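Here is the structure we will look at, set down as structure tokens.
The values are calculated or read from the model by the stated rules, or taken from the named source; none is laboratory data. This is a predicted model, so every value here is computed, not measured. Here the Cβ positions follow ideal geometry from the backbone for every residue, glycine too, while neighbour counts run over all protein chains shown. For the accessible areas, the whole protein counts, side chains as well, though only heavy atoms, and no ligand, DNA or RNA atoms are used. Shrake-Rupley method; radii C 1.70, N 1.55, O 1.52, S 1.80 Å.
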Amino acid sequence: MKKIICLSLFLLFANIMFAQNEQALYESILSKITPPSIPEKTVNITRYGAKGDGVKDCKPAFDKAMKAALKSKGGFHIVVPAGVYFIKGPIHFVSNVCLDLAEGAELKFSDNPADYLPVVSTSWEGTFVSNYSPFIYGYEVENVSIIGKGKIDGNAQNTFGTWRSNQEKDVERTRYVNHNNVPFAERSFGEGHYLRPQLIQFYKSKNILLEGVFITNSPFWCIHLLKSENITCRKLKYDAKLVNNDGIDPEYSKNILIEDIDFNNGDDNVAIKAGRDNEGRATATPSENIIIRNCRFKGLHGVVLGSEMSSGIQNVFVRDCSFAGYCKRGIYFKTNPDRGGFIRHIYINNVEFDNVEDLFFITSAYARTETNQFNVTDICDVYVNGLKCKKASNAGLVIQGYPKNIVHDIHFKNVEVQEAKIGVSFTNAERIEMSNVTIGGIVGAPSTVSDKDKIFEKK
């Protein structure tokens with residue numbers, strides 16, 4: 001009896017210590033994230049010749065405003081009043097700029113690919129390349145914001161949005177340069193190629209705020225945060241249903257807060273990435289210290305880790321999120337034996353979905369079609385406490401490890417799936433802990449035998 005009491009007290013103490021450590025890490029991450037201040041000097045974009053009639057090319061006005069902000073001590077708060085501003089090419093940010101889209105303001109970008117040349121330094125699905133410029137692009141900038149109640153319309157549905165069927169050769173080339181350490185100077189795409197640019201990308205940048213705006217018709221990923229840090233994304237709204245319209249993609253980035261966002265995307269809502277294969281492992285810059293909270297998910301998948309994650313992903317919190325509509329998968333970890341790296345210290349608390357195909361899915365064999373290098377990802381230390389959905393048409397909880405490096409130390413607590421075709425499917429997995437997990441409903445008290453059982457009549 002004494003041994004049982006001692007063990008119970010030890011487990012209670014261990015649980016209290018774990019909860020305190022988890023909260024301490026969460027608060028430590030939050031303390032590192034501070035939105036940039038808005039520059040004091042306010043200018044109206046019309047001062048530089050912009051006209052919100054949907055016809056005049058306003059790119060020269062934005063270029064002039066950015067150039068003036070660069071020369072102004074403390075930068076500019078650039079206000080875009082109500083109206084439709086046609087922009088024939090990319091907006092390239094400079095440091096210390098807040099772009100404020102007033103209610104009724106719309107940035108509508110040209111759909112002519114030639115307008116996004118010359119190429120810029122960027123990344124495409126985890127490989128560094130030169131490519132068409134993202135529509136809003138910041139390279140090595142700091143203290144930048146895009147805020148307001150206006151709209152950013154990529155207008156990509158008739159050109160970039162149709163390119164996926166033509167991209168295969170270019171995609172194969174990105175894989176080749178990645179796996180063979182081809183010099184960056186020989187990685188130029190752009191004209192004559194079909195790699196779609198991102199709508200918004202900040203690269204090697206810091207102190208970033210994206211707040212309030214409505215995003216639609218992106219050519220590729222909507223927001224790509226590449227090798228950047230100290231980022232706040234909040235109160236954004238999406239209706240972005242073109243091909244690969246991921247909502248937010250942090251890559252090689254850290255100290256990020258994603259909160260109070262209404263997702264409605266044609267692909268992953270949040271996809272945390274960290275480079276691909278050889279190049280990702282060599283870069284050795286994990287995506288880490290990421291908090292996703294109070295969001296509403298709708299689209300292909302809610303929160304995804306991978307599949308480009310060869311530098312590793314760690315210290316990710318998903319808290320107090322719900323659904324705005326259907327998601328194919330709720331929480332999805334995807335990697336394969338080409339990736340390597342790690343996924344660890346992931347905390348999922350109080351997250352709810354409606355109808356899904358799979359609620360929680362870890363796979364170490366995602367799209368294994370490349371070099372078969374057997375760089376298996378180490379996936380461990382995942383803590384789920386409060387995850388539920390109404391129906392999983394395929395499966396509730398799935399773990400697909402790899403024999404060479406099995407998935408381990410995954411903890412499920414307070415998981416509820418009201419209806420599921422398959423409840424649990426774990427392969428190549430060990431030290432999987434489940435507490436208060438119900439799939440397919442809750443079983444009540446066992447029935448007692450009665451004449452209706454007809455026990456002796458059954459064979």
Fill in: Reference-scaled alpha-carbon Rg (2.2 N^0.38 Å with N residues) for the chain
1.07
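Averaging the inverse of every distinct alpha carbon separation and then flipping it gives the Kirkwood radius. What is it for segment 229-275, in angstrom units? Walk me through the numbers before you get to the answer.
Working: mean 1/r = 0.0899 Å⁻¹.
Mean inverse Cα-Cα distance, inverted, gives 11.1 Å.
If packing is taken as the mean number of other Cβ atoms within 10 Å per residue, what is the order of 244-257, 288-301, 117-130, highest first?
The most tightly packed comes first, giving 244-257, 288-301, 117-130.
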Item to complete: Starting with the highest mean, order 193-205, 146-158 by the number of other Cβ atoms within 10 Å, averaged over the residues of each peptide.
Response: 193-205, 146-158
Worksheet entry | For segment 182-234, accessible area per residue (1.4 Å probe, heavy atoms of protein chains only), Å² | 28 Å²
Discussion item. Once each part is reduced to its C-alpha centroid, what is the distance from segment 273-316 to segment 64-79 in angstrom?
Written reply: 33 Å
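Given Cα pairs under 8 Å that are at least 6 residues apart, what percent is the relative contact order of segment 255-406?
Values: 466 pairs, mean separation 32.0, N = 152.
It comes to 21 percent, rounded to a whole number.
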Worksheet item: With the contact rule set at Cα under 8 Å and sequence spacing of 6 or more, what percent relative contact order holds for the chain?
Response: 8 percent
Item to complete: Determine the shape class of segment 41-117: with a ≥ b ≥ c the square roots of the Cα gyration tensor eigenvalues, call it rounded for a/c under 1.5, and otherwise prolate if a/b is greater than b/c, oblate otherwise.
Response: oblate
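Could you list, in their original order, any pairs among Lys328/Lys421; Lys227/Lys298; Lys235/Lys334; Lys108/Lys254; Lys56/Lys206 whose Cα atoms are separated by more than 21 Å?
Details: Lys328/Lys421 14 Å; Lys227/Lys298 27 Å; Lys235/Lys334 27 Å; Lys108/Lys254 30 Å; Lys56/Lys206 33 Å.
Lys227/Lys298; Lys235/Lys334; Lys108/Lys254; Lys56/Lys206, as the Cα separations exceed 21 Å there.
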Discussion item. To the nearest 20 Debye, how big is the dipole of the chain about its Cα centre, given +1 on the beta carbon of each Lys and Arg and -1 on that of each Asp and Glu?
Written reply: 240 debye
Discussion item. Restricted to Cα positions, what overall size does segment 186-312 have along the principal axes? Three whole-Å values, descending.
Written reply: 39, 35, 25
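Under the rule of -39500 (n - 2.57) per DSSP H run of 4 or more residues, summed and divided by the residues of the chain, what mean residue ellipticity at 222 nm is obtained, to the nearest 500 deg cm²/dmol? Don't skip to the answer; put the middle values down first.
Numbers: 4 runs with 62 residues, N = 459.
The helix-only estimate for the chain comes to -4500 deg cm²/dmol at 222 nm.
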Fill in: Kirkwood-Stokes translational diffusion coefficient of segment 302-459, alpha-carbon pairs, 10 °C, 1.306 mPa s, µm²/s
95 µm²/s
